[in-house]
1. List the residue pairs whose Cβ atoms are under 7 Å apart, where the first residue sits in the range 184-201 and is within 16 Å of Thr165 (Cβ to Cβ) and outside the structural domain of Ile137 (by TED's automatic domain parsing), the second is assigned to a helix (DSSP H, G or I) and β-branched (Val, Ile, Thr), and the two are 6 or more positions apart or on different chains.
2. Of these, Glu47, Glu13, Glu22, Glu41, which one is surrounded by 10 or more Cβ atoms within 10 Å (Cβ to Cβ), over 30 Å from Ile98 (Cβ atoms) and among the acidic types (Asp, Glu)?
3. Quick one: is Ile117 assigned by TED's automatic domain parsing to the domain that holds Lys148, surrounded by 10 or more Cβ atoms within 10 Å (Cβ to Cβ) and at pLDDT 95 or above?
4. In this structure, is Glu122 out of contact with any Leu (no Cβ under 7 Å at 6 or more places or on another chain), exposed (fewer than 12 other Cβ atoms within 10 Å of the Cβ), under 30 Å from Lys168 (Cβ atoms) and not hydroxyl-bearing (Ser, Thr, Tyr)?
5. Output yes when any residue across the range 51-68 is of a type in the set (Gly, Ala, Ser), over 30 Å from Ile98 (Cβ atoms), at pLDDT 90 or above and not in a loop (DSSP other than H, G, I, E, B), and no when none is.
6. Test Asn115 against the stated conditions and say whether it is within 31 Å of the chain's Cα centre (by Cα) and not acidic (Asp, Glu).
7. Identify, please: which residue in the range 147-161 is of a type outside the set (Asp, Glu) and touching a residue at least 12 places away in the same chain (Cβ under 8 Å) and is, among those, nearest to Lys110 (Cα to Cα)?
8. When you check Leu14 against the structure, is it among the hydrophobic types (A, V, I, L, M, F, W, C), more than 30 Å from Ser145 (Cβ to Cβ), out of contact with any Ser or Thr (no Cβ under 8 Å at 6 or more places or on another chain) and not in a helix (DSSP H, G or I), yes or no?
Amino acid sequence: MSNTELKINRMQELEPIEFNYEEIKKELAIQLQKYQNIVFEEKDIQEAKKTRADLNRLKKQVNDKKIEVKKDFMKPYADFETKIKEIIAMIDNPCAEIDKQIKAFEEKQKEIKKNKIKKIYEENVKGLKEILSLQKIWNEKWLNSTCKIRDIELEILGKIDKVKTDLKAIEEMQSEFEVQLKDKYLLTLDLTSVMQEKARLEKIKEMTESKKAKKKEDEQQEERVENVFDNIIKNTKTKIRLTLEITEEQKMQLAKWLIQNEISYESEEI
């Protein structure tokens with residue numbers, strides 16, 4: 001495009017807007033003097049309203065004149081601004097179309113680059129594909145035009161090697177929680193979080209086993225107490241009185257049984 005540029009003819013310096021400023025100030029100062037520290041009594045309220053109306057009318061007259069002068073003063077600029085906006089609109093139309101095409105080109109380049117990255121991943125992930133998706137190691141900056149494919153390849157290889165090393169380290173821990181620890185690692189890709197998870201699981205196990213041991217100890221204690229009470233009940237002797245109708249032979253057998261079982265008795269018949 002040619003070196004078209006906006007050229008503005010040298011503008012004459014605007015002269016101050018002259019009006020009877022000093023005359024008005026002097027006259028107002030005299031007229032408004034009487035209103036300083038004025039106090040209206042209740043009987044003067046109508047006069048106060050008239051005075052307020054006169055002052056507001058004077059203020060409006062002065063302000064209206066200011067607005068009128070400003071409009072006249074701004075007419076050249078308003079015309080200039082309208083023309084500049086028209087020029088900008090003319091520039092915006094092709095610029096928007098060019099921008100659209102540039103974005104389409106950039107998206108196409110990103111898609112081509114994304115396919116190259118996928119190919120690098122597929123060629124190197126191998127046995128880890130089921131547990132390490134491209135999404136887990138994806139870095140959005142890879143699609144930047146300044147990021148070279150060779151650098152991306154080295155980063156992907158480094159991440160895959162790190163995952164292999166870390167998983168091997170988890171296996172070498174020989175932890176009973178290996179499955180949970182691997183799940184945690186694949187979620188975070190961070191060994192520090194794995195160690196924290198290991199400590200947490202071991203603490204839970206320790207607390208659970210402690211509770212089980214305490215429960216078992218309590219149950220054993222209860223069983224010992226029950227056995228003691230059972231023994232007490234079994235060995236407690238109770239005095240009973242019976243009236244039996246038996247034969248002589250039965251009486252002899254009963255006496256023999258009582259003696260064998262060390263049961264004391266009182267009987268005139270036995």
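1. Matching pairs, first to second residue: Tyr185/Ile170; Tyr185/Val194; Leu189/Val163; Val194/Ile170.
2. Details: Glu13 fails: surrounded by 10 or more Cβ atoms within 10 Å (Cβ to Cβ); Glu22 fails: surrounded by 10 or more Cβ atoms within 10 Å (Cβ to Cβ); Glu41 fails: surrounded by 10 or more Cβ atoms within 10 Å (Cβ to Cβ).
From the options Glu47, Glu13, Glu22, Glu41, the qualifying one is Glu47.
3. Values: assigned by TED's automatic domain parsing to the domain that holds Lys148: yes; surrounded by 10 or more Cβ atoms within 10 Å (Cβ to Cβ): yes; at pLDDT 95 or above: yes.
Yes.
4. Details: out of contact with any Leu (no Cβ under 7 Å at 6 or more places or on another chain): yes; exposed (fewer than 12 other Cβ atoms within 10 Å of the Cβ): yes; under 30 Å from Lys168 (Cβ atoms): yes; not hydroxyl-bearing (Ser, Thr, Tyr): yes.
Yes, satisfied.
5. In the first step, residues of the range 51-68 are kept if they are of a type in the set (Gly, Ala, Ser); the result is 53.
Subset that is over 30 Å from Ile98 (Cβ atoms): 53.
If we keep only those that are at pLDDT 90 or above as well, we get 53.
Now narrow it down to the ones that are not in a loop (DSSP other than H, G, I, E, B): 53.
Looking for residues that are of a type in the set (Gly, Ala, Ser), over 30 Å from Ile98 (Cβ atoms), at pLDDT 90 or above and not in a loop (DSSP other than H, G, I, E, B), one finds at least one in the range 51-68, hence yes.
6. Numbers: within 31 Å of the chain's Cα centre (by Cα): no; not acidic (Asp, Glu): yes.
Answer is no for this residue.
7. Of the range 147-161, the ones of a type outside the set (Asp, Glu) are 147-150, 152, 154, 156-160.
Narrowing further to those that are touching a residue at least 12 places away in the same chain (Cβ under 8 Å): 149, 152, 156-157, 159-160.
Values: Ile149: 12, Ile152: 14, Ile156: 18, Leu157: 21, Lys159: 22, Ile160: 23 Å.
My answer is Ile149.
8. Working: among the hydrophobic types (A, V, I, L, M, F, W, C): yes; more than 30 Å from Ser145 (Cβ to Cβ): yes; out of contact with any Ser or Thr (no Cβ under 8 Å at 6 or more places or on another chain): yes; not in a helix (DSSP H, G or I): yes.
So Leu14 fits the description; yes.
The values are calculated or read from the model by the stated rules, or taken from the named source; none is laboratory data. Not measured: the values here are computed from a predicted model. All Cβ positions, even for glycine, are placed from backbone atoms using ideal geometry, and neighbour counts span all protein chains on display.
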